[in-house]
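Before any comments, here is the structure.
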Amino acid sequence: MLPEQWERVKEAFDAIVDLDAAGRTTALSELRLQDPELHAAVEELVANHDRAGDFLTEPMALELVPTLTVGEIIAGRYEIVRFIGRGGMGEVYEAQDNQLGERVALKTIGPDIALDDRYVARFVREVKLARNVTNKHVCRVHDVGQQDGSTRRISFLTMELIEGETLAARLRRCHHLPAAEAFPLIEQMAEALSAAHEEKIIHRDFKPANIMLTLENGYTPWWSRTSAWHAARLPLRACNQDSRVSPRGPPAILRPNCSTRGRGRQSPPTFTRSAWSSGRC
Amino acid sequence: MDFIVSSAVEVTELLLEWSKGNRAAESRLFDFVYHELHRLAARYMLGERSDNSLQPTALVHEVYLRLIDQNRVNWENRSHFFAIAAQLMRRVLIDHARARNAEKRPKPGLKVPLSDLPIGIEIQTTELLALDEALGRLEALDPRQARIVEMRFIAGLSEEEIAQALGVSVRTVKRDWKVARAWLFGALRKEPRAAGAVGAR
């Protein structure tokens, strides 16, 4: 069809589409006599209009799929078992470590970070640091790696696979935690942070979504593990080295004077800040 | 990010120039908006948000808030921005869909296990590409109608806002939309998977 023809189709369609059934029939019959070709196009368009239902009426919403597929092997070693969810910096999968024969959690790192070599270098450095922290309330970080594909680069880390729910999910589900349950959790979280602080590491993204609650040994109370250690930073040094990297924690959790929204120079994160946010949990 | 702080001033300036009819501002303005939409889309697609959907409408509005100094623009400028952003959002989505399609093509000699299926629901690359292709054909017939579809379906603008952006009456927008929607439905119905999936939210 040519634009001139389309112009005529449009006009005829507009004149006919809002008529009642009888009116449409009459108008279409007249059109058929005058111009059979135009009639055919308009008739089809009117029929499509009637059939279209809610087609395109609501603004577009796209559902997202995980980047990795089940069965895919990453870095020649980790076989993707299932997609767990999306979080802080990327996606989380359950994977089988074919070298050690263990299940691990594999976290991919968002593309804005993965494509920048400097960020990746920092990320690797930080994961190495986080590995120094050993505490039963700290999620163990195993390995960090990269795989280059034809159109994408996947940066990932693997960590202990923890079965359970996050504190954030738990709070959503139960609205509040009774003090008897909350206090032990707070103690465990404080213990986790303090183990990190002994290694001169601060978490920087300490929030309910990064606390996993697990049931250990059946009946023991909820047991907390702090994960997302890839957000951990060495105080002072890391920030001074690369001023482009801003604190990644959400403003509500960072202490107000350290908020990323501020226009002034950002102060480097300190130990007190992650301890402060643990009080907010 | 520093980029945003400095660019908000510049992008607002470029938008004002563009609204005045200065086409020299166009490519730089488009670059900024495309870049920002792309960056945000990537962030949404991988992380930062816990839900599994991407709403281009929300994205376009977020980019507007980030890039434009609202004290300096009027309703007309705002509509112009959304007209541009809707068009560029379409491009971002299509670029993404193409890249993803290319990525999924199995490499020769590589065994694809039976379980190698996407988990969850695909960002409807096939449907997106089909819609884009049909929209391209409509654009050849009537560019204004294609803009209207982008603004309504991708950027979620009201008929009044679209009329403002295009400098036509609301009545014209309504008429164009009605015929464009019927035509696209017909065009995509010939590929039934596409029409169903795009129409269903």
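The values are calculated or read from the model by the stated rules, or taken from the named source; none is laboratory data. Everything quoted here is computed from the prediction, not taken from an experiment. Positions of Cβ are backbone-derived with ideal geometry, glycine not excepted, and every protein chain shown enters the neighbour counts.
Can you find even one residue in the stretch A:140-154 that is at pLDDT below 80 and either crowded, with 20+ Cβ neighbours inside 10 Å or closer than 19 Å to A:Gly85 by Cβ (or both)?
yes
Does any residue of the stretch B:108-128 turn out to be closer than 30 Å to B:His35 by Cβ, modelled with pLDDT of 70 or more and more than 10 Å from chain A (Cβ to nearest Cβ)?
Yes, the stretch B:108-128 contains at least one residue that is closer than 30 Å to B:His35 by Cβ, modelled with pLDDT of 70 or more and more than 10 Å from chain A (Cβ to nearest Cβ).
Find the residue count for the stretch A:155-170, including only residues that are modelled with pLDDT under 85 and not aliphatic (A, V, I, L, M).
6
How many residues, within the stretch A:202-211, are surrounded by fewer than 22 Cβ atoms within 10 Å (Cβ to Cβ) and within 11 Å of A:His137 (Cβ to Cβ)?
So the answer is 0.
Looking at (1) of a type outside the set (A, V, I, L, M, F, W, C); (2) under 24 Å from A:Arg24 (Cα atoms); (3) touching a residue at least 12 places away in the same chain (Cβ under 8 Å); (4) at the interface with another protein chain (Cβ under 8 Å from one of its Cβ atoms), can you tell me which one A:Glu43 breaks?
Just one mismatch for A:Glu43, condition (4).
Report yes if some residue within the stretch A:72-92 is over 25 Å from A:Ala168 (Cβ atoms), at pLDDT 75 or above, part of a loop (DSSP other than H, G, I, E, B) and within 21 Å of the chain's Cα centre (by Cα); otherwise report no.
Yes, because at least one residue in the stretch A:72-92 is over 25 Å from A:Ala168 (Cβ atoms), at pLDDT 75 or above, part of a loop (DSSP other than H, G, I, E, B) and within 21 Å of the chain's Cα centre (by Cα).
Going through the stretch B:136-156 one residue at a time, which ones are facing chain A (nearest Cβ under 10 Å) and more than 12 Å from the chain's Cα centre (by Cα)?
Of everything in the stretch B:136-156, those that are facing chain A (nearest Cβ under 10 Å) and more than 12 Å from the chain's Cα centre (by Cα) turn out to be B:Arg137, B:Leu138, B:Ala140, B:Leu141, B:Asp142, B:Pro143, B:Gln145.
Which residue, of A:Asp97, A:Asp35, is in the same structural domain as A:Leu161 (by TED's automatic domain parsing) and in contact with a Lys or Arg (Cβ under 9 Å, 6 or more places away or on another chain)?
Among A:Asp97, A:Asp35, only A:Asp97 is in the same structural domain as A:Leu161 (by TED's automatic domain parsing) and in contact with a Lys or Arg (Cβ under 9 Å, 6 or more places away or on another chain).
Considering every residue within the stretch A:171-188, establish whether at least one is in a loop (DSSP other than H, G, I, E, B) and modelled with pLDDT of 85 or more.
Checked the stretch A:171-188: at least one residue is in a loop (DSSP other than H, G, I, E, B) and modelled with pLDDT of 85 or more.
For A:His49, only one of the following conditions fails: (1) more than 10 Å from chain B (Cβ to nearest Cβ); (2) within 44 Å of the chain's Cα centre (by Cα). What is its number?
(1)
Out of all the residues in the stretch A:68-76, is one or more in contact with a Phe, Trp or Tyr (Cβ under 6 Å, 6 or more places away or on another chain), facing chain B (nearest Cβ under 7 Å) and not β-branched (Val, Ile, Thr)?
No - not one qualifying residue is present in the stretch A:68-76.
Residues are listed down the side, and each one gets a yes or a no for (1) part of a helix (DSSP H, G or I); (2) of a type in the set (Val, Ile, Thr):
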residue	(1), (2)
A:Gln5	yes, no
A:Glu11	yes, no
A:Thr25	yes, yes
A:Thr57	no, yes
A:Pro66	no, no
